[in-house]
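Notes follow the structure.
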Amino acid sequence: MSSRENILSRIKQNQPELLPLPDLLVLGTEQYDLVQKFTEILEGIGGKVLQVSDYEEIKKYIIANYPVNARVISTLTEFSENKDWQTADPHSLKDADFLIIKGQFAVAENGAIWLTESEMGQRVAPFITQYLAIVIDKSTILPTMHQAYGQIGMADYGFGVFLAGPSKTADIEQSLVLGAHGARGLVVFLV
């Protein structure tokens, strides 16, 4: 018997007893205000959360806080009639100032929002725009990523991403830089 076979044989003889997997149904059973927790976490990582009653409030916020001549693109007809950008060459989005999209759901424990390419219009859009706004229905906030993965399950989508906060890095001299790899700012509108 070679030393390799000897080692593998001993490992095989000394296997620990198999234990059942833990019950993960207890995750997310804590009782807390999901909107408050989501807001606290997302704002803690650099995002902004605003509770609004309708799309008109969102429009007023955009007009008050972003330049009039900004290139605003959206997959939502309430904000942009022009959908040509969704089928155009992705390089044509290089001057996009503000993207408004709807997220499928959000996760309270980490401030993440689930997006698929159907919400994004183009995969590159949330990462190339200067500022990103995501509209979320408050009732779709889930407590944990465990529930989130259960929600997306085996759904059919070509591309999906959990997005949390604006782009940031602290790799260079441990200085925080916003907008390093994507949007410089993220505002989430909870409807």
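The values are calculated or read from the model by the stated rules, or taken from the named source; none is laboratory data. Being a predicted model, the structure only gives us computed values, none of them experimental. When we count neighbours, we look across all protein chains shown, and the Cβ atoms used for this are built from the backbone with ideal geometry, even at glycine. SASA here: full protein model, heavy atoms, side chains in, ligands and nucleic acids out. Shrake-Rupley method; radii C 1.70, N 1.55, O 1.52, S 1.80 Å.
General observations
- Of the peptides 102-109, 71-78, 173-180, 57-64, the order by per-residue mean of other Cβ atoms within 10 Å, starting with the highest, comes out as 102-109, 71-78, 57-64, 173-180.
- Applied to segment 175-191, the Karplus parametrisation 6.51 cos²θ - 1.76 cosθ + 1.60 on θ = phi - 60° returns per-residue 3J(HN,Hα) values of 9, 6, 10, 8, x, 5, 10, x, 4, 6, x, 10, 10, 10, 9, 8, 9 Hz, with x for Gly and Pro.
- Debye, to nearest 20: dipole size of segment 32-190, +1 on Lys, Arg Cβ, -1 on Asp, Glu Cβ: 160
- Cut-off under 5 Å, modelled amide H: who pairs with residue 142 long-range: 106, 107, 108
- Which label in [x] 17.0; [y] 16.2; [z] 19.0 gives the computed Kirkwood radius over Cα pairs in Å: [z]
- Lysines whose Cα lies under 26 Å from that of residue 83, excluding same-chain neighbours fewer than 8 positions away: 59, 60, 94, 102
- Cβ-based charge dipole, the chain, positive-most Cα from 143, 120, 15: 15
- Per residue value of the accessible surface for the chain (all protein chains in place, 1.4 Å probe), Å²: 61
- The relative contact order of the chain comes to 26 percent, based on Cα pairs under 8 Å that sit 6 or more residues apart.
- Taking the average, over residues, of other Cβ atoms within 10 Å as the packing measure, peptides 4-15, 90-101 rank 90-101, 4-15 from highest down.
- Using θ = phi - 60° and Karplus 6.51 cos²θ - 1.76 cosθ + 1.60, couplings along segment 131-145 (whole Hz; Gly, Pro as x): 9, 10, 10, 10, 9, 10, 6, 3, 6, 9, 6, 9, x, 9, 5
- Antiparallel bridge percentage (DSSP; both residues within the chain; nearest 5): 30
- Here the chain exposes an accessible surface that is 54 percent carbon and sulfur, computed with a 1.4 Å probe and the other protein chains kept in place.
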